[in-house]
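Just so you know, all these numbers are worked out from the coordinates, no wet-lab data involved. If you're wondering where the values come from, they're calculated on a predicted model, not measured in any experiment. Heads up, the Cβs are rebuilt from the backbone with ideal geometry, glycines too, and the neighbour counts pull from every protein chain shown.
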Amino acid sequence: MTNHGIGDWIHRRRIKSAGRMAVTAGDLNLTYEQFDQRINQLANALTDRGVKQGDRVAYLGENSVEFLETLFALGSIGAVFVPLNTRLAGPEVTFHLEDAGAQMLIASITMEPLAVAGVENTEVERVIFVDDGARVPAEEGRLTLPSEHYSEVLADASPERPRTNVDLDDLAIILYTSGTTGNPKGAMLTHGNLTWNAINVISDMNISSDEVSLMISPMFHVAALGMGVLPTFIKGGHLILEPRFHPGRALELIEQHKATFISGVPTTYQLLAEGPAWEQTDISSLNSLTCGGSAVPLRILEAYEDRGLSFTMGYGMTETSPGATTLPGRYSREKMGSAGLPQMHTLVRVADLDGKELSAHEVGEVQIQGPNVISGYWNRPEANESSFITDDGGTWFRSGDMGYMDDDGFLFISDRMKDMIISGGENIYPAQIEQELSQMDAIAFVAVFGVSDEKWGEVPRAAIVVREGHELTEADVLSYLDGKLARYKIPKSVVFVDDLPRTASGKVRKPQLRELYGNA
């Protein structure tokens with residue numbers, strides 16, 4: 001029996017990294033040997049409870065050791081991991097469980113109400129609760145399915161290594177897209193997708209066996225999992241887990257554990273740099289910062305440069321596991337605003353909607369090809385047909401993002417195709433306006449979206465969160481942009497808001513933004 005997948009990684013590291021720390025979560029510290037044993041126990045316990053190769057098991061909970069053990073245990077027996085967003089509502093959990101056909105749910109005891117609300121009338125046959133916090137009993141109804149406690153499940157299980165044939169082409173994870181429009185789709189990530197993404201990351205970044213990686217972003221999203229967790233483990237590094245992000249706590253952990261690596265979105269880094277403990281915290285151990293989602297505003301870039309740090313920025317999505325391009329820190333100024341170069345084992349092109357590759361500086365759809373790119377969505381034949389294009393160069397994933405390549409082959413993202421504003425026949429990309437406005441000291445966060453206009457069809461509107469201690473008017477905003485952007489790109493109106501609706505990964509929910517402020 002041969003396991004070529006991620007489920008065998010920790011076992012292989014058990015010898016290669018003997019005696020070294022694998023995971024720290026609060027007071028719990030596990031060496032690679034201890035981590036491997038717990039993974040084996042869970043894998044055997046799940047097998048004893050009827051989980052077979054190809055079966056789907058869902059997980060509902062914050063960052064935890066149990067989350068990782070479930071991922072690797074399922075990989076070791078060839079079953080499929082289905083991580084769920086902890087911000088979902090009950091009906092949304094039900095949709096995910098039904099869509100994936102999950103037969104088991106492992107859930108944090110703190111999520112019991114959501115688990116109870118979500119599992120009813122699905123194919124889930126059993127729930128295992130992780131004792132990782134204070135229990136919050138369901139207010140209405142109770143669980144009618146068999147349930148157990150995670151610690152008891154592990155205690156009764158064999159620590160022997162499971163023996164299952166797992167190939168790189170086998171399905172490892174069904175990871176649902178954030179669902180900013182319509183129902184989420186389950187991206188099918190194979191063991192090969194995840195492995196090649198990890199190889200891309202360690203090829204383009206200086207991840208080492210001495211890495212101490214602090215995970216402050218939710219692992220139920222592919223960015224933390226693919227850009228942080230798996231590259232750290234493939235190199236035999238040490239992972240520090242934090243259940244959820246809090247700027248002050250994150251800075252404490254960096255200093256306490258001498259963290260060398262963190263990953264996040266621009267908002268993460270902005271909140272760290274603007275926290276009261278920023279100047280006093282010893283962050284000299286840090287040497288790797290990765291950032292995705294959007295370009296880092298200049299003032300945030302400068303705040304980290306003042307501390308001797310630079311970012312490795314990049315672009316990607318769930319469907320690319322998630323990396324597609326990387327912008328090394330050495331180019332953060334020279335190519336400011338760029339998403340970078342294609343990763344080592346990934347191809348990226350900009351093409352028209354017929355698949356014709358465009359010349360430098362021509363805006364078109366960003367399309368991606370490589371062993372880290374998914375082959376399709378779970379039970380979505382119509383989405384599979386529309387999301388890929390095949391030509392003489394092979395099959396390419398259609399990202400739905402608009403962008404262009406410069407003369408040196410660096411990718412610049414213009415915007416999501418669906419977020420592009422067409423005003424009087426002119427294409428307007430909100431990301432360009434957002435990037436310009438993010439340089440204003442008084443602006444904490446900004447998002448630009450299109451609203452209806454009788455004369456022009458659509459015009460841009462900016463939703464702005466003002467930084468604490470600052471004042472800002474619509475006239476200030478429009479005056480700042482005058483001369484920096486073409487007149488037709490300057491928002492025709494501004495709304496000041498307390499916060500922006502976001503996904504758990506930090507991306508602004510533009511459809512919700514339009515609903516809330518489109519008629520303001």
Exercise. Would you work out if the range 11-78 is rounded, prolate or oblate? Take a ≥ b ≥ c from the square roots of the eigenvalues of the alpha-carbon gyration tensor; rounded if a/c is under 1.5, else prolate when a/b is larger than b/c, oblate otherwise.
Key: oblate
Quiz item: So how tilted is helix 65-77 from the main axis of the chain? Cα-based, degrees 0 to 90, rounded to 10.
Solution: 70
Quiz item: Which residues' amide hydrogens lie under 5 Å from the amide hydrogen of Ala22, considering only partners 5 or more residues apart or on another chain, with H built in the peptide plane?
Solution: Leu30, Thr31, Tyr32
Quiz prompt | Dipole magnitude of the range 420-517, debye to nearest 20 (Cβ charges: Lys/Arg +1, Asp/Glu -1, about Cα centre) | solution = 380
Quiz item: Dipole of the range 420-517 (Lys/Arg Cβ +1, Asp/Glu Cβ -1, origin at the Cα centre): which of Ser423, Gln435, Ala447 lies farthest to the positive side?
Solution: Ser423
Exercise. Report the net charge of residues surrounding Asn3, where surrounding means a beta-carbon distance below 12 angstrom and charges are Lys +1, Arg +1, Asp -1, Glu -1.
Key: 0
Quiz item: Applying 1/(1 + (r/R0)^6) with R0 = 25 Å to the Cβ-Cβ distance of Ser493 and Lys418, what FRET efficiency is obtained, to the nearest 0.05?
Solution: 0.75
Quiz item: Which of Gly314, Phe220, Met205 sits farthest toward the positive end of the charge dipole of the chain, with +1 on the Cβ of Lys and Arg and -1 on the Cβ of Asp and Glu?
Solution: Met205
Quiz item: Glu454 to Arg307: FRET efficiency via 1/(1 + (r/R0)^6), r the Cβ-Cβ distance, R0 45 Å, to the nearest 0.05?
Solution: 0.35
Quiz prompt | Loop-resident sites, the range 235-327, for GluC sites (Glu not before Pro), counting at most 11 other Cβ within 10 Å (DSSP) | solution = Glu279
Exercise. For helix 247-257, report the angle its Cα long axis makes with the longest principal axis of the Cα atoms of the chain; keep it between 0 and 90° and round to the nearest 10°.
Key: 50
Quiz item: Between the range 1-49 and the range 102-126, how many Å separate their Cα centres?
Solution: 25
Quiz item: Do the sum for the chain: with -39,500 (n - 2.57) for every DSSP H run of n ≥ 4, divided by all residues, what is the mean residue ellipticity at 222 nm, to the nearest 500 deg cm²/dmol?
Solution: -8000 deg cm²/dmol
Quiz item: With point charges of +1 on the Cβ of Lys and Arg and -1 on the Cβ of Asp and Glu, referenced to the Cα centre of the range 32-167, which listed residue (Met111, Gly133, Ala73) lies farthest in the positive direction of the dipole?
Solution: Ala73
Quiz prompt | Cα-based Rg and Dmax for the range 341-458, where Dmax is the largest Cα-Cα distance (Å) | solution = 16.5, 50
Quiz item: For the range 312-325, what does the Karplus curve 6.51 cos²θ - 1.76 cosθ + 1.60, with θ = phi - 60°, yield as ³J(HN,Hα) per residue in whole Hz, taken in order and with x for Gly and Pro?
Solution: 9, 9, x, 9, x, 6, 3, 5, 10, 6, x, x, 10, 9
Exercise. Please report, in Å, the Rg and the Dmax of the chain, where both are computed over Cα atoms only.
Key: 23.0, 71
Practice problem: Please compute the Cα-Cα pair-distance distribution of the range 32-167 with 5 Å bins starting at 0, giving whole percents from short to long. | Solution: 2, 11, 22, 25, 21, 12, 6, 2, 0
Quiz prompt | Solution diffusion estimate, µm²/s, Stokes-Einstein, the range 193-415, Kirkwood Rh from C-alpha pairs, 37 °C, viscosity 0.692 mPa s | solution = 182
Quiz item: When N is the residue count of the range 420-517, what does its C-alpha Rg come to as a fraction of 2.2 N^0.38 Å?
Solution: 1.03
Practice problem: Give the shape of the range 212-273 as rounded, prolate or oblate, defined through the alpha-carbon gyration tensor: a ≥ b ≥ c are the square roots of its eigenvalues, a/c under 1.5 means rounded, and otherwise the shape is prolate if a/b is larger than b/c and oblate if not. | Solution: oblate
Exercise. Please report, in debye to the nearest 20, how large the charge dipole of the chain is about its Cα centre when each Lys and Arg carries +1 at its beta carbon and each Asp and Glu carries -1 there.
Key: 560
Exercise. Report the antiparallel proportion of the DSSP beta bridges in the chain as a percent, rounded to a multiple of 5.
Key: 55
Quiz prompt | the range 235-340: C-alpha gyration tensor shape, a/c 1.5 cut-off, then a/b vs b/c | solution = oblate
Self-check item: D_trans [Stokes-Einstein, Kirkwood Rh over alpha-carbon pairs] for the range 167-262, 20 °C, 1.002 mPa s, µm² s⁻¹
Solution: 148
Quiz item: In whole Å, what is the distance between the alpha-carbon centres of the range 153-202 and the range 469-520?
Solution: 38
Quiz prompt | Helix 191-204 vs. the chain, principal-axis angle (Cα, 0 to 90°, nearest 10) | solution = 60
Practice problem: List the pair-distance distribution P(r) of the range 317-368, using every Cα-Cα distance, as the percent of pairs falling in each 10 Å bin from 0 up to the bin containing the longest distance, rounded to whole percents. | Solution: 23, 45, 30, 2
Practice problem: Restricting to the range 193-415, compute how many DSSP beta bridges are antiparallel as a %, nearest 5. | Solution: 65
Self-check item: Unit charges on C-beta of K, R, D, E only; dipole of the range 32-167, Debye
Solution: 220
